[in-house]
Structures are given as C-alpha cells and as structure tokens.
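Novice: Have a look at this one before I ask anything.
The numbers here are math on the coordinates, done by the rules we state, and not lab data. Small disclaimer: the values here were computed from a predicted structure and weren't measured. Quick reminder, even Gly has a Cβ in these numbers, built from the backbone with ideal geometry, and neighbours come from all protein chains shown.
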Amino acid sequence: MTHAAVAKARKLGPVFAARARKWDVERTYCWDNIADLVDAGIMGMTIPEELGGLGASYLNVTEVIEEIAKVCTLTARVVVEANMGGISAVMAYGTKAQKAFCAPIVLAGDKPAICITEPNAGSAATEMQTTAQRRGGTYVINGTKHWITGGGVSKLHLIFARVLDDDGSGLGIGGFIVHVDPLAGIEPKGFSVLGRERTMGLCGMPETTLKFEDLVVDAAMALIPPSGFKRGFADLMNAYNSQRVGAGTIAMGVAAGAFEHAKRYLTERQQFGRPLAEFQGLQWMVADMDTQLHAARLMLHEAARSRGPNNSQFPDMTMAARAKLFASEMAIKVVSDSLQMFGARGYGDQEPLERMYRDVRMFTIGGGTGQVLRTQIAGSVLGIKTPQARDGYARAATKSKEVKS
Ligand SMILES: Cc1cc2nc3c(=O)[nH]c(=O)nc-3n(C[C@H](O)[C@H](O)[C@H](O)COP(=O)(O)OP(=O)(O)OC[C@H]3O[C@@H](n4cnc5c(N)ncnc54)[C@H](O)[C@@H]3O)c2cc1C
C-alpha cells in the first residue's frame, strides 16, 4: 500500500517540478500540489487506518518525502508536517475526540502548524513566556510566537505554552490544539497572524508571527501526554524526533535531486573536447557526493525505523538528532557542489539549482540548529543531561514547581 504511495509521489514528480519555480517567484503557497497530495493519499498517510489514513510507518513516509523533495522543497515540507511532528503528537497523546477531530482536517489537506518559538525563546525553548492560564473548563492563552511555519494557511495549530493553574502556580509546559479556518467562519477571538518574514528560500511557505490575546481554548483541547504537564514538554518534544527525521529527509532529498541534475549535466556538457564527466577533479567530487548521500539516507532510515525509550511511537532522539545534523550539513555541500558543476548556468535561474541552494540552507536552523543537535548528541554520548538541550528539562526544572515534587 505504501509502496503505492512512493509510486504516486514519483508520478507527481514532473508535475511538482514544473510548478516549483512559480511558488518560489510568486511567494505563494502550493495549494495545487496539496490537492494532488490529498488525491494520492499522501496527506496524513501516517494517520491510523481506523481514522482514515494509511497507517504508514515513518520509514515509508521518508521514502515519499525524498521523492518529493527532489523536485519541490516546499511541497516536501508540507508532507512532513502533515505526517510527522504536530499531527504525530496528537495521534500519540491525543484523546479519542482530539484524534477524531484532527485526522479529517489533515486528510483533507491541512498541514498543522507547531507553535513553539518566541522572540526571546529560540534554542532555549523552555524559556517561552506564552502562558495558558486555567480558568474553569478552559485555558486562556496569551503570548507571541514567531517563525511559525504555515501561519495564515494552516487550520490546526499546536500551541505550546507555560501552563498556570487556577491559582496562578506553574504546572509545566503544555500543548493546545487550536482550530482556525476563516473561509469556514472559524476565527477564534484573540488569535491573529501579525506578519510574515521575507525568507531567502522556501519562499512559498509563510513564516509568520502569531499573537494570542486572551485566546480561550476548551480544556478538552489540551494535549496532555501520559506524564501530564509536569514532564509533558519532554514527551511532546519526542514528537519532534519524527519531525527531525522528516526535515533531514527533505534536505537529503533536495541534495539527491540536485545530484541527479549534476550527473546528467556532466555527461551532456563538453569542455576541452570531452564531457565534463571525464575530468578526474569532478569524478572525485561525484564520488564524495554519492558517498555522503548514501550515508545520510542510511542514518535517516535507521532513525525512522527506531523507537525511543519505553518503545515510544517516536524515533530515538539521538538517532534523529544525528541523522538530521548529518543530512542537513551534507545537503548544503552536495547542492552547492552540484551547482558548481553547472558553472555559470547553475548560478542563473534557468536551472533549479539556485532555488535548491537557497531552500536547503534552512535545514541546519529550523527544528533544532546544528549546534543544539550537537549538544543533544554529546549529552547522550557522555550520558549527561545538558542544560541547553532543546527539551531543556534540567533548565526548566530550576524554574517551576514541577521538579520539587
Ligand atoms: C524557516 C524556518 C521555519 C521555522 N518554523 C518553525 C515553526 O514552525 N515553529 C516553531 O516553533 N519554530 C520554527 N522555527 C524556529 C526555529 O525552531 C528556531 O529558529 C531555532 O530553534 C533557533 O532559534 P533562534 O532562531 O531563535 O536562534 P537562537 O537560539 O537565538 O540561536 C542563534 C545561534 O546561536 C546558536 N546557539 C544557541 N544556543 C546555543 C548553545 N547552547 N550552544 C551553542 N550554540 C547555540 C544557535 O545554534 C544559532 O546558531 C523556524 C525557523 C526557520 C528558519
């Protein structure tokens, strides 16, 4: 069944390739591609069959992501976020009602937005200031998030906030599901999209600032992992391990796509009376690129197949961090070397290489920077809990009452 999804993704490749420049130049969201992804059953393919998805594994979805990333980075990001990250957190920790509510929205084409980062809380996510104050059967959210992917186009939002009890005491960090759909008249009071960043790559994806002013969320929409709010942030961040595998796979797929262009060009283009492919200086580059790509794919597949502590539904944190770190840095080099092989032609926009180069730069930043991933890997290798890991439990612990209990 899921091999069929890979075949469908391959079939859509030329269609998505032909549209990729348009999203980039016009800075528009890839709605046409999403309609095709819905038809192909790729949106929400990891959602269990009983909820309408394919119940596909993370490994299967990475194979689909690679195919799509070869031709359109933007569309590949949509596929990651419609199958991993926010939606996988809901499928792992959500109540029956939350799952039944979110699944059809994603299957119909939504890419949920995950809202963690704030102006003063980037890598140090646990320093977030957004609060969710319990008031009877509701939570009232106040705060500002920035660099939120999909603000203004996403319907589902998973908003992370510092949870305060009725008496104002801190309970930990929790996630809250908020549904926004202006076309259907669903416009929660106190939820606004303030602005959009002008990015160097992935230009069709809105990266936005969201503001919450006394946004009232029903308590039934609080996503509470088994460990409760107390240690819940670390659990919720486990969902990020699958998103990291997805992000690393996009980077690897972009590199694989760029490499395919380069290999073709090396046999077509002649200089000094022979094809470029005959020059040893370029052959050694090809060998290095092929080797690095192969290593990244193996690491990503290993992470996709793994399970974290207690046989969790999410990939192992260290394997996911390692794979994303390696793939994202490898991809920048491989795409850059592919562009180099095209000479001046690679620098111009008649080839997709310049767009791929701008797009792929993002993956060492978003979803945990290369430095933060190294910190996490080192912590795991050395067997210590580093205070600056992105799940940051040790640091958060010194601030709120959860550690004292
Ligand atoms: C395109 C894009 C999409 C994004 N989408 C989302 C989204 O949908 N939702 C969301 O919540 N966030 C999103 N983000 C935000 C992203 O997660 C943050 O940018 C990232 O976590 C880094 O935070 P920062 O940008 O504030 O950098 P900072 O944390 O300010 O870091 C600045 C630099 O210092 C380094 N640094 C920080 N701490 C350490 C340390 N302890 N040791 C060594 N070096 C360190 C960093 O690696 C970086 O190089 C997105 C970002 C981008 C670029």
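Novice: In the stretch 293-332, what is the volume of the convex hull around the alpha carbon atoms, normalised per residue and reported in Å³?
Specialist: Roughly 44 Å³ of hull volume per residue.
Novice: Then there is this: From zero outward in steps of 5 Å, how is the percent of C-alpha pairs of the stretch 113-224 spread across the bins?
Specialist: 2, 13, 23, 25, 19, 11, 5, 2, 1, 0
Novice: Can you list the trypsin sites (Lys or Arg not before Pro) in the stretch 154-231 that are in a DSSP coil and have 16 or fewer other beta carbons within 10 angstrom?
Specialist: Lys189, Arg198
Novice: Another question about this same structure. So what are the chain's ellipsoid semi-axes, whole angstrom, largest first, if each one is the square root of 5 times an eigenvalue of the alpha-carbon gyration tensor?
Specialist: Here the semi-axes work out to 37, 23, 19 Å.
Novice: Along the charge dipole of the stretch 2-107, Cβ charges K/R +1 and D/E -1, which of Gly41, Thr75, Thr95 sits furthest on the positive end?
Specialist: Checking the options against the dipole of the stretch 2-107, the answer is Thr75.
Novice: So, one more: Could you work out [θ]222 nm for the chain from helices alone, using -39500 (n - 2.57) per DSSP H run of at least four and dividing by all its residues? Round to the nearest 500 deg cm²/dmol.
Specialist: Theoretical 222 nm ellipticity from helices: -16000 deg cm²/dmol.
Novice: Please report, for the Cα atoms of the stretch 2-107, the Rg to one decimal and the Dmax as a whole number; what are they, in angstrom?
Specialist: My reading of the Cα-based Rg and Dmax gives 13.6, 42 Å.
Novice: Take the Cα atoms of the stretch 203-275, find their three principal axes, and give me the spread along each one in whole Å, biggest first.
Specialist: On the principal axes, the stretch 203-275 reaches 71, 28, 15 Å in Cα extent.
Novice: Which value, in debye to the nearest 20, gives the size of the charge dipole of the stretch 2-107 about its Cα centre, when Lys and Arg are +1 and Asp and Glu are -1 at the Cβ?
Specialist: 160
Novice: Going through the DSSP H helices of the chain, which span 30 Å or more along their own axis at the Cα atoms while scoring at least 0.0 as a mean Kyte-Doolittle hydropathy?
Specialist: Membrane-span-like by this rule: 317-341.
Novice: Can you pull a Stokes-Einstein diffusion coefficient for the stretch 230-397 at 10 °C (1.306 mPa s), Rh from Kirkwood over Cα pairs, as a whole number of µm²/s?
Specialist: 92
Novice: Under a straight-distance cross-link criterion of Cα-Cα below 24 Å, which lysines are reachable from Lys263, leaving out those fewer than 8 residues away in the same chain?
Specialist: Straight-line reach from Lys263, under 24 Å: Lys11, Lys70, Lys333.
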